[in-house]
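Bear in mind these aren't lab numbers, they're just calculated from the coordinates by the rules spelled out. As the structure is a prediction and not an experimental result, all values here were calculated from the model. As a convention, Cβ positions derive from the backbone with ideal geometry for all residues, glycine included, and neighbour counts pool all protein chains shown.
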Amino acid sequence: MDLGISGRRAAVAAASRGLGYATAAALAAEGVQVAICSRHRDDIGQAADRIGDGAVPIVADVHTADGARGFIDAARDALGGLDILVPNAGGPPPGDFSSTDVEQYLEAFELNCMSVIAMCHAAVPDMRAQRWGRVVAITSIAVRQPMPGLILSNVARAGATGFLKTLAREVAGDGVTVNSLQPGTHDTDRVRQLGHADPSGVPAGMLGRPGDFGAIAAFLCSEHAGFLTGAAVPVDGGAYAGLL
């Protein structure tokens with residue numbers, strides 16, 4: 001299927017590896033010009049080389065609102081504008097209520113909520129002006145079903161989801177869609193570091209493949225998905241058991 005986005009311009013945050021990288025690679029395969037970022041020059045340069053197709057590596061730290069805005073500004077300058085935004089960032093440290101200090105919530109909120117807000121503030125006004133845009137944020141299935149031992153991620157990503165849903169309703173009439181993808185257990189470095197790489201709780205019987213996740217993200221960025229907005233879509237192999 002031709003997604004109808006060849007020649008579009010995308011900024012994909014935290015894309016040196018994992019689901020961010022897979023999303024950037026899937027967009028590039030559809031003919032999208034992609035700018036990708038990481039805090040580490042070597043890592044993001046190597047990722048851009050693997051993606052090919054003129055992928056632009058940018059060194060940026062989206063762990064802060066200023067860094068997140070800086071990435072969008074650099075991506076816009078490099079590509080001559082932006083049509084697609086994929087907010088993404090690494091997860092905060094694991095911990096439960098008893099082991100987590102109050103100050104850590106502010107850090108997690110900046111990492112996984114304020115960074116999303118800042119990137120949207122920097123990118124969405126131009127999308128509205130040009131009457132076309134796609135925002136597809138990468139969050140977590142923990143928004144629907146909080147995960148034990150990840151209280152910081154559960155709280156911060158839920159806040160980001162509330163922002164994205166509100167934004168989606170405000171900009172839908174301007175040709176801009178705003179959605180999020182909620183990954184479950186995928187075969188990524190983050191999942192393995194957390195010790196969550198056991199697929200026994202996944203009805204599909206396997207860890208998610210990053211490439212498959214990237215293909216879903218690319219579809220949400222497509223022309224065909226123009227009437228899909230305000231959605232938070234679980235991509236978890238059936239692990240989430242709720243009806244809603």
Do you know the relative contact order of the chain, to the nearest whole percent, from alpha carbon pairs under 8 angstrom that are 6+ apart?
-> 20
Cα gyration tensor, the chain - rounded (a/c under 1.5), prolate or oblate | rounded
How big is the C-alpha Rg of the stretch 1-145 next to the rule-of-thumb value 2.2 N^0.38 Å, as a ratio?
-> 1.05
Span from the the stretch 106-146 Cα centroid across to the the stretch 58-96 one, whole angstrom = 10
Quick one: putting +1 on the C-beta of Lys and Arg, -1 on the C-beta of Asp and Glu, what dipole do you get for the stretch 96-244 around its Cα centre, in Debye to the nearest 20?
-> 440
Roughly speaking, what is the stretch gain from residue 190 to residue 166, that is 0.36 nm per residue apart minus the C-alpha to C-alpha distance, in nm to one decimal?
-> 5.8 nm
What spacing in nm lies between the two simple spin-label points modelled at residue 197 and residue 66, each 7 Å away from Cα in the Cβ direction?
-> 3.7
In the neighbourhood of residue 91 defined by beta carbon distances under 14 Å, the net charge of the other residues (Lys, Arg +1; Asp, Glu -1) is +1
Rank the residues 115, 222 as a footprinting-exposure proxy: fewest other Cβ atoms within 10 Å of their Cβ go first.
-> 222, 115
Potential lengthening between residue 50 and residue 227 on full extension [0.36 nm per residue; Cα-Cα distance subtracted] | 60.5 nm
Cα-centre dipole for the stretch 3-45 with unit charges at Cβ (Lys and Arg positive, Asp and Glu negative), debye to 20 | 120
Looks like the stretch 102-244, by Cα gyration tensor root eigenvalues a ≥ b ≥ c and the a/c under 1.5 rounded cutoff (else prolate when a/b is bigger than b/c, oblate otherwise), is oblate
Taking a ≥ b ≥ c as the square roots of the eigenvalues of the Cα gyration tensor of the stretch 44-87, is the shape rounded (a/c under 1.5), prolate (a/b larger than b/c) or oblate?
-> oblate
